Every structure is written in C-alpha cells, then in structure tokens.
Amino acid sequence: MKIETKVGLFFVGTLVVLGILIFNTGKFSFGGDGDSERFVVYFDQVAGLAVQAPVRVAGVKVGEVKTITLDHGRAKVVLKLDKAFPVYSDSQASLSSIGILGEKYIDITQGHYEKGLLDPSVPIASRGGVSLDDLMVTLAAISRDIKGVTGALNHSIGGEEGQAKLDEIVDNIRVLTGEFRTLSQENHAAINNTLANAEVLTGDLRERMPRLAQQFEDLGKHLDALVQETRPELRGTMQDIHKLAGSFQETSANLKNITAKLNNGEGTIGKLLNDDSTIKKINTAVDSLNDMLGGVKSMDLRLDMNGARWTSRGDSQVGLGIELAPRHDYWYALDLSSTPDGKIADSTRTVQKIDPVTGLPVNVLEKTRTVTSDQAVTVSAQFAKRFAENWVLTAGIVEGKGGGGIEWRSFEDRFRVGAMAYDFTKRDDKPNPRYRLTASYQFWKNVYVKAGGQDLGNKELRTFFIGGGIRWKDDDLKKLVGLASSAK
C-alpha cells in the first residue's frame with residue numbers, strides 16, 4: 001500500500017473518531033429534541049438570565065433555557081430537560097448564580113418519588129431567591145453602620161485633643177527605641193563579664209563534678225549494703241540517690257557543651273559575645289523602626305465627595321471616594337456611590353383594533369419598550385498608575401464590574417479629562433460595554449465642577465450629566481492608617 005493511501009486512511013479515521021467524540025460530548029441530536037422534554041416555569045423577575053443558560057440539579061447540568069418571554073407581567077421561561085431526569089409534582093425551580101457576579105442559571109429541586117411525575121403541560125413551581133439588589137441594600141445598611149463607627153471614632157480621638165494624643169504616642173515610641181539602643185550599647189561590657197564568670201564557674205564544676213559523682217556512687221554502694229542488711233524498705237530511696245549522681249554527671253557534660261558553643265560564637269548569646277556585628281544589627285533594626293514610623297508622614301490620603309445630575313432619567317448621583325497614595329506615581333482608589341442606573345424593560349399586550357380593509361375588530365400584539373431609573377449603591381476599587389506625569393491609567397472593579405480607564409491631567413491635577421470602559425457582559429437590554437467620558441476642573445481651592453456622558457455605547461441608556469464636588473487631604477486618617485500598618 002502506498003504511503004499516500006496510508007496517510008489518507010489515517011486522516012479519515014481521525015476525523016471519524018473526532019466526530020464521534022464531538023457528538024457524544026455535545027449531545028447533538030437531529031430531527032427535534034431527541035432525548036429531552038420541555039417544561040415551563042414562571043418567575044416574577046429573571047434579571048441576568050439568558051437563553052441557553054444551564055439548568056442544574058445539585059450543581060449538575062440537566063438541561064438549558066430555550067426561551068424567555070413576558071406573559072401577563074411575569075417572566076415565562078421554557079426549559080429543555082433531559083428525559084433521564086425525572087421531574088416530580090413537588091419539584092421547585094429558583095433563579096441562582098455562580099458567585100456574586102457569576103452567570104445566572106435555573107436550580108431545580110427534584111422533589112419526591114411518592115408525589116408522581118409532573119405533567120409537562122403543568123408549570124414547575126418557582127420560589128424567589130436573594131438578588132444582587134437585595135445584597136446591595138444589605139451593603140448600604142452595613143455602610144451606614146460603618147459610618148456610625150467612624151463617627152464615634154472621630155468623636156473620641158478627633159480634633160486637636162485627639163491629634164495631640166496620637167503625636168504623644170508616636171513620640172513615646174521614638175524615645176523608647178532610642179533608650180533601648182543606648183541600653184544595649186552601655187551594657188555590652190557587663191554582659192561579657194557575666195558570661196566570663198559563668199565560663200569560670202562551669203570549668204570549676206567540670207573538674208569537681210566527676211569526684212563528687214564517684215563519692216556519691218561509693219556512698220550509694222555502702223548504703224545499699226546497709227539497707228540490705230538492716231532496712232529493706234529504704235532500698236528505693238537509695239536508688240533515687242544513685243540516679244541523682246548520674247544526673248549530676250549529665251549536667252556537667254551539658255554545661256561543658258554550652259561553654260564550648262559560647263566560645264565558638266554559636267547561638268544568640270555567643271554571637272553577642274564574639275561578634276560585634278550583632279550590636280550593629282540591633283542598631284539597624286531600631287533605625288528601621290524609626291524610619292517606618294516616620295514614613296507615615298510621606299503617605300497621602302485623599303478624599304472626594306461629589307454629586308451630579310443625570311439629564312435623561314431626571315435623577316441624581318452622589319459618591320464618596322478615598323485614595324491611598326504611598327507614592328506620587330501610584331495609588332489605590334475606593335469609591336462608594338449611589339447611581340441612578342438605567343434599566344430597559346420590554347412589555348407586550350394584546351389590543352383590539354379595527355381592520356381598515358374588512359372593518360372588523362382584530363386582536364393585535366403591541367410591544368412597548370421603556371427605560372426606567374434604578375437607584376443602586378455601587379462599589380468601585382481600582383489601582384491607578386501615573387505615566388509621564390500627565391497620564392493616569394486605572395484598572396479594577398468599576399461599579400461592581402471589571403473595567404479600566406485612562407485620564408489626562410494638567411495644572412497640578414486641577415484639570416482632568418478621562419474615558420472609562422466597564423461591564424463587558426452582553427445582555428438584551430445592554431448589547432455593548434458601558435463607556436463614560438468625564439471632564440472636571442478645580443477652579444477654587446478644593447471645589448471642582450464636572451460634566452460628561454454615560455453609556456455612550458448603548459443608545460437607549462445614553463445620558464449626560466453635570467455636577468461637582470470637593471477634594472481634600474486628611475492627615476488624621478493618614479496617621480490612623482500608618483499606625484495600623486506598623487502594628488502588623
């Protein structure tokens with residue numbers, strides 16, 4: 001057989017095996033649903049659920065979502081389930097998600113065999129779950145509690161009196177480290193003398209202990225003979241004395257080993273006696289502690305309170321931002337804001353109209369699309385890096401979604417123009433990522449104005465805003481952050 005024929009047969013066989021694996025893995029079927037069956041379930045809301053989303057039982061996929069429609073104000077979801085999975089009359093379906101920001105899926109509890117199988121024409125019972133909006137409400141409550149705690153803390157140590165207390169603590173630590181360094185230097189000679197005396201003592205013990213041990217051993221033998229003759233009940237006591245003599249010998253050997261290690265510079269005390277670099281290391285550690293406490297003053301803590309008016313939805317946005325800047329060229333930003341996010345809702349209804357041709361009343365399906373405002377609390381956490389002094393790149397979480405942006409700054413950061421993109425998930429009510437364009441100018445002290453556009457890539461959600469805010473640095477909070485980091 002020619003080599004070309006062999007290669008061709010091998011290639012054809014590989015394609016056949018690959019095709020079998022693909023069809024078996026994907027469970028492809030031709031001519032209809034095959035080994036599947038369709039069921040219907042109704043929900044009050046299915047935000048985030050998409051067609052072809054998985055249907056799971058105990059985390060195992062048993063089907064998928066075929067269609068999602070609106071039926072009399074409720075979401076009608078058609079499920080395509082594997083016939084091998086029995087659906088009983090008391091089965092229940094709920095809307096779940098993998099993690100906080102993971103994909104949505106339908107979770108089904110199988111029910112009980114005694115209740116009998118559910119007729120596919122009868123909808124599966126549904127139950128509500130905890131939505132992300134509920135979690136945001138809970139987060140808002142937590143933020144109010146945190147605000148109360150920080151208010152109490154500010155009342156306790158805020159103002160000039162609290163600042164004086166913090167300054168006093170830092171000064172006391174600085175004085176303590178200086179005294180510790182002076183004490184270690186002044187007592188260096190005393191420690192050497194003490195260890196020298198210990199070496200002399202152990203040498204004397206090393207010479208005398210063997211003789212004492214021999215005497216104890218001889219005495220033990222005589223006492224043992226005496227006990228054997230006169231008082232057998234004292235034998236145990238004499239044996240303990242014999243063991244004590246052996247312990248003295250071991251002690252002498254241990255002291256000898258300790259002295260040898262000290263002479264060789266082993267261990268902490270040995271290094272302290274034989275190596276002057278140990279004192280230098282202690283001094284270096286003390287200096288490092290002073291540098292760490294002093295480094296708190298070089299860290300910037302910037303705060304930003306802002307608000308804006310959205311033109312399309314007639315609502316307002318407020319926010320609080322915190323920037324922790326270890327250096328001038330990078331910082332960490334955390335923002336908490338309440339934003340009137342846009343939501344698109346499609347509704348259908350059947351209305352009766354007069355046919356212009358026949359003049360008879362006919363039923364017509366009328367579709368309506370509305371854009372509503374959904375006020376929600378969002379959290380943003382980003383890392384910012386400055387390049388070429390005027391350009392700033394950011395990346396991280398933007399309003400609970402992944403994203404990033406770029407900003408151009410000038411006039412000592414008082415004038416800023418930037419663009420941001422985030423939320424790259426594709427939905428029917430938001431087919432494109434969210435783009436935001438913002439320009440701001442700090443015209444007087446810490447006060448600035450801003451304007452821009454939101455959702456520029458989604459026509460029905462697009463809106464413009466105008467507003468302003470206040471930026472300032474907080475030295476009291478900076479001290480608290482520095483003390484907390486040095487405590488770690």
Subset of region 350-375 that is among the charged types (D, E, K, R) and surrounded by 10 or more Cβ atoms within 10 Å (Cβ to Cβ) - its residue that is modelled with the lowest pLDDT:
Arg369
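Residues are listed down the side, and each one gets a yes or a no for (1) modelled with pLDDT under 90; (2) closer than 29 Å to Val51 by Cα; (3) surrounded by 16 or more Cβ atoms within 10 Å (Cβ to Cβ):
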position: Glu407; (1), (2), (3): no, no, yes
position: Phe411; (1), (2), (3): no, no, no
position: Tyr422; (1), (2), (3): no, yes, yes
position: Pro431; (1), (2), (3): yes, yes, no
position: Arg436; (1), (2), (3): no, yes, yes
position: Tyr448; (1), (2), (3): no, no, yes
position: Asn458; (1), (2), (3): yes, yes, yes
position: Gly469; (1), (2), (3): no, no, yes
position: Ala484; (1), (2), (3): yes, no, no
Being part of a helix (DSSP H, G or I), more than 20 Å from Gly63 (Cα to Cα), outside the structural domain of Gly400 (by TED's automatic domain parsing) and at pLDDT below 85: is that true of Leu139 here?
yes
In region 124-136, which residue that is surrounded by 15 or more Cβ atoms within 10 Å (Cβ to Cβ), at pLDDT 80 or above and not β-branched (Val, Ile, Thr) is farthest from Asp423 (Cα to Cα)?
Ala125
Does Thr109 fit the bill of being within 34 Å of the chain's Cα centre (by Cα) and farther than 29 Å from Tyr422 by Cβ?
yes
Can you name the condition, by its number, that Asp44 falls short on among (1) exposed (fewer than 11 other Cβ atoms within 10 Å of the Cβ); (2) modelled with pLDDT under 80?
(2)
Which one is surrounded by the fewest Cβ atoms within 10 Å (Cβ to Cβ), of the residues in region 150-207 that are more than 19 Å from Thr284 (Cα to Cα) and hydroxyl-bearing (Ser, Thr, Tyr)?
Ser156
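The values are calculated or read from the model by the stated rules, or taken from the named source; none is laboratory data. Here the structure is a predicted model, which is why all the values come from computation and not from measurement. We place every Cβ from the backbone using ideal geometry, glycine too, and count neighbours over all the protein chains shown.
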